[in-house]
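The next block holds one structure in the form of structure tokens; read it before the comments.
The values are calculated or read from the model by the stated rules, or taken from the named source; none is laboratory data. If you're wondering where the values come from, they're calculated on a predicted model, not measured in any experiment. Note that we place each Cβ from the backbone using ideal geometry, even for glycine, and neighbour counts take in every protein chain shown.
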Amino acid sequence: MGWIFKRSLRRSRLSRWSWQRRRGAAKKCAGSSQVCFEVLAMGGGHWIRGIVDEIIKRGDERIVIHTGKTPSGPIHIGAEREQFICSAIQRELESRGLESTFNFIVDSYDPIKSIPAGLQVPKGFEEELGKPLSSVPDPFGCHNSYAYHFADEFIKCQPRFGLSPNIVYTHELYTKPAMKDAIRTVLTKLDQLKAIRRKYLHLPEEDGTADDWNPVMAVCEKCGKIALMKNEVVPNKIDSWDLEKDALSYTCSSCGHKGQGKISDLSLKLSWRVDWSAKWAVFRVTCEPAGKDHCVKDGAYDMGLEVCQEIFGYRGPLRVSYEWLTLGEHAMKTHKGITFTPAEWLKIAPPETLRYLILGADPMRHISFLPERIPDIVDNFDRIERIYYGIEVPPSCNDLEHLKDLYKLCVIDKPRESAPARLPYRFAATIVQLEPVMGRDKVLAKSLEYAARLHGKSSLSDYEAADVSLRLSVAANWISLYAPSQAKFKISTGELDIRITDEVERKFVTSVANLVEGNLSETDLQNRIFESARALGIETGKAFSVLYRILIGSERGPRLAPLLLALDRDWVVKRLKSTIE
RNA sequence: GGGCCUGUAGCUCAGUACGGUAGAGCGAUGGGCUCUUAACCCAUUGGCCAAGGGUUCAAAUCCCUUCAGGCCCGCCA
């Protein structure tokens, strides 16, 4: 009998730091013979603690944490939700002195069902549909297969996000004796399995003779396909088998080939609900998170647990269900080409901030992510970092324990001894736009100086300096790829149609032009501009916006003196004067 | 049709387990600052807590109904 880990959303929201766990009376789930417990976290801290309490309570000999993904195309950041939950479980276990194994199952043996929208593939690629992903060529030509290409793209990001699971490819796994045995078990207990399946799919009860379903699929030796992909998926059917002789025959639904051979030699696979259970049993999985789509009543997880128990004799893993991470309002769909990959995240934001986005939210909450909100996310991460180190006080003292836990789960390595000096993302996004005029070195130097000054340090450690540099480069990418127009500015080099008519403003612009010609230092120039504005009786805010309009066509802008000094002096003077002619 | 989840300020979300003055950040507005790298500080603004009903001295919170959105109920993963 599988244990169901039912997390009641209403009772487990992120910021109820003062959670309690209550072991409710066991209650029967309607329509299922399984027992549900409402598991609530006890005490303060992060929700991961409640999950780990449950894991420990199982008393498994070895703790095995699983995640899985089918590399049917680019793997998006939603898949990281599962990865990070596992990573967080592992860290929490570690902090309690417990070791665990973390496997990432790449379902490379699944057939390719469609070609994701927007993916450039060679001509005639449709011919590959129905083959296992592991034997479909890589359309980019850089990996041994389609499966490897997309799996690797995802996997190679993982160490940067602070995790390194063991990778298991199912096309390799299925050659192992343990999986062959699982297939033999399935064939032995086929009638029992059919009955379970009929129950979950709400099919009418039958005597079983008319039900010719069989979860064992064979890869055709002739055409290499495991299923026919037309309007629907038609798997290659098993015609007969003889377990005494370990023999099996099949018909290919694509090319019609009839093949036969030994179970130990043929390329066989189980269809997915049974496949999932078989893997749970083979690896003795303690816990596997799954998307809420699989976790609904009588869904794949429910059925999988029963199959695992009844057919394979293992009670199955603890379920942790999680909601989708959407791109704004849109669910990410690999086959529709709506994706945002971990690699894209790393281009525009520091890695720990994705952990923050995902682990900061209760698993059962939607996370709606939009790339233009990256600065908020990074700022919020910086804020919990300051709270962790006691530099800032959280709005409510109840938050403290949760936020400290959360911070520890987000940092890539271990928290440092003291708060690292960070360059604010918004600062980075601004100054980086001056790179064309200031040059990369000067931008970096200014940024290092600013980060040090903000944190009251005279110099930065190597780690801090590297982080400042990283933030500059991700902010630059964000500006060019995702920043909304109000975050961007451009030196307006084109013809100006601004004419300053107000007499006082004309005087102000003239005096600034003179100041720029005067070869002043940065601080002097900045101060003199203010003095000049005040002397003329213009509001300083208004005075500055006049200058920003002339230079970058915006009401506001980066600190003015450095901007003026970074630009070509003659050009600035000419430009300022052109507005008052 | 059956089931699960969601709906709180312009935006992102806390608060719902155990009913007790409607919260934060961002934004917007105003003010301040020998004065801004879209900064900072202060203040203000903002909500019929999706709608309706019920229970209660008291409901965002518990119960019922409705509406809107997401997802599952495929021999697919």
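Could you figure out which of (1) of a type in the set (D, E, K, R); (2) closer than 23 Å to A:Val307 by Cα; (3) in contact with a Lys or Arg (Cβ under 6 Å, 6 or more places away or on another chain) isn't true of A:Lys225?
The one condition A:Lys225 does not meet is (2).
When the residues of the stretch A:402-441 are filtered to those that are touching a residue at least 60 places away in the same chain (Cβ under 8 Å) and not in a helix (DSSP H, G or I), which remaining residue is nearest to A:Glu385 (Cα to Cα)?
A:Val411
Residues are listed down the side, and each one gets a yes or a no for (1) of a type outside the set (A, V, I, L, M, F, W, C); (2) buried (at least 19 other Cβ atoms within 10 Å of the Cβ):
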site	(1), (2)
A:Glu329	yes, no
A:Thr341	yes, yes
A:Glu344	yes, no
A:Ile374	no, yes
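Restricting attention to helices (runs of 4 or more DSSP H) lying wholly within the stretch A:147-200, give those where 3 or more residues are away from RNA strand B (no atom under 15 Å from the Cβ).
A:177-188
Quick test for you: out of A:Pro177, A:Pro159, pick the one residue that is at pLDDT 95 or above, surrounded by fewer than 14 Cβ atoms within 10 Å (Cβ to Cβ) and closer than 30 Å to A:Pro350 by Cβ.
Only one candidate passes the filter, namely A:Pro159.
Give just the number: which of (1) within 10 Å of RNA strand B (Cβ to nearest atom); (2) part of a strand (DSSP E or B) does A:Gln260 not satisfy?
Among (1) within 10 Å of RNA strand B (Cβ to nearest atom); (2) part of a strand (DSSP E or B), the lone unmet condition for A:Gln260 is (1).
Would you mind telling me which numbered condition in (1) under 26 Å from the mean Cα position of the chain (by Cα); (2) in a helix (DSSP H, G or I) A:Pro139 fails?
Result: A:Pro139 passes all but (2).
Which residue out of A:Ala466, A:Ala451, A:Ala445, A:Ala428 is crowded, with 18+ Cβ neighbours inside 10 Å, modelled with pLDDT of 90 or more and farther than 21 Å from A:Ala483 by Cα?
Unique residue meeting the criteria: A:Ala451.
A:Lys333 versus (1) in contact with a strand residue (DSSP E or B) (Cβ under 9 Å, 6 or more places away or on another chain); (2) surrounded by fewer than 21 Cβ atoms within 10 Å (Cβ to Cβ): which is the lone unmet condition?
Tallying (1) in contact with a strand residue (DSSP E or B) (Cβ under 9 Å, 6 or more places away or on another chain); (2) surrounded by fewer than 21 Cβ atoms within 10 Å (Cβ to Cβ), A:Lys333 fails exactly one: (1).
Specify which of the listed residues (A:Ala182, A:Ala247, A:Ala195) is within 35 Å of the chain's Cα centre (by Cα) and either closer than 30 Å to A:Pro415 by Cβ or small (Gly, Ala, Ser) (or both).
A:Ala182
How many residues does the stretch A:209-252 contain that are small (Gly, Ala, Ser) and outside any strand (DSSP E or B)?
2
Can you tell me which of A:Val307, A:Val282, A:Val274 is surrounded by 23 or more Cβ atoms within 10 Å (Cβ to Cβ), more than 9 Å from RNA strand B (Cβ to nearest atom) and outside any strand (DSSP E or B)?
A:Val307
Of all residues being within 9 Å of RNA strand B (Cβ to nearest atom) and assigned to a helix (DSSP H, G or I) in the stretch A:285-301, which is nearest to A:Val186 (Cα to Cα)? Just the residue, please.
Filtering first and then ranking leaves A:Ala300.
Hey, A:Pro317 hits all of (1) out of contact with any Ser or Thr (no Cβ under 9 Å at 6 or more places or on another chain); (2) in contact (Cβ under 8 Å) with a residue 40 or more places away in the chain but one; which does it fall short on?
For A:Pro317, the failing item is (1).
For the stretch A:514-533, does any single residue satisfy the condition of being within 11 Å of RNA strand B (Cβ to nearest atom) and part of a loop (DSSP other than H, G, I, E, B)?
Checked the stretch A:514-533: no residue is within 11 Å of RNA strand B (Cβ to nearest atom) and part of a loop (DSSP other than H, G, I, E, B).
Examine the stretch A:95-104 for a residue that is within 15 Å of RNA strand B (Cβ to nearest atom) and modelled with pLDDT under 95, and state whether such a residue exists.
So far as the stretch A:95-104 goes, no, none of its residues is within 15 Å of RNA strand B (Cβ to nearest atom) and modelled with pLDDT under 95.
Could you look through the stretch A:534-573, keep only residues that are under 23 Å from A:Val504 (Cβ atoms) and among the aromatic types (Phe, Trp, Tyr), and pick out the one that is nearest to RNA strand B (Cβ to nearest atom)?
Only one residue tops the list, namely A:Phe544.
Quick one: would you say A:Gly316 is part of a loop (DSSP other than H, G, I, E, B), more than 26 Å from A:Ser469 (Cβ to Cβ) and among the small types (Gly, Ala, Ser)?
Answer is yes for this residue.
What do you reckon, is A:Glu127 in a helix (DSSP H, G or I) and either buried (at least 22 other Cβ atoms within 10 Å of the Cβ) or touching a Lys or Arg at 6+ places or on another chain (Cβ under 7 Å) (or both)?
no
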